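Report on the following structure.
The values are calculated or read from the model by the stated rules, or taken from the named source; none is laboratory data. Everything numeric in this text was worked out from a predicted model, so none of it was measured. When we count neighbours, we look across all protein chains shown, and the Cβ atoms used for this are built from the backbone with ideal geometry, even at glycine.
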Amino acid sequence: MARIYETAWGRLSKMVTTLSLPVRLDLVAARPLARDIAAIDSDIRLDATDVKFLGGLCLQIILATRQHCAASDRAFSITNPSAAFTDALHTFGASPALLNEGMAA
């Protein structure tokens, strides 16, 4: 699974790290996803362009990341959600807008 990190200076000169999500966010992807997110010590932007499958465990990791960012005063956002990513969120009762609400990076 390829992970692409892009670190840039965001608004107000804060570091923003973009993590490109893999095609399949399934059980196999959960541990690497959690590890990669835990290694980020800045605002987090998850790029969901390539996601074709989103499973419940990876969604839990994404939701926990959002909460952790809020508690540690860091911005969190999901960018470029694929149709499959958005459809899966709706199946779980969520949406990209809900995940990004009040958390813009």
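Listing for the model above:
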| item | result |
| --- | --- |
| All strands (runs of 3 or more DSSP E) inside the stretch 1-94 with 2 or more residues being surrounded by 14 or more Cβ atoms within 10 Å (Cβ to Cβ) and either modelled with pLDDT of 95 or more or of a type outside the set (Gly, Ala, Ser) (or both) | 15-20, 43-47, 76-79 |
| Pairs where the first residue, in the stretch 84-101, is on the phi < 0 side of the Ramachandran plot and free of Cβ contacts under 8 Å to residues at least 24 places away in the same chain and the second is of a type in the set (Ser, Thr, Tyr) and part of a loop (DSSP other than H, G, I, E, B), C-beta under 9 Å, 6+ apart | Thr86/Ser95 |
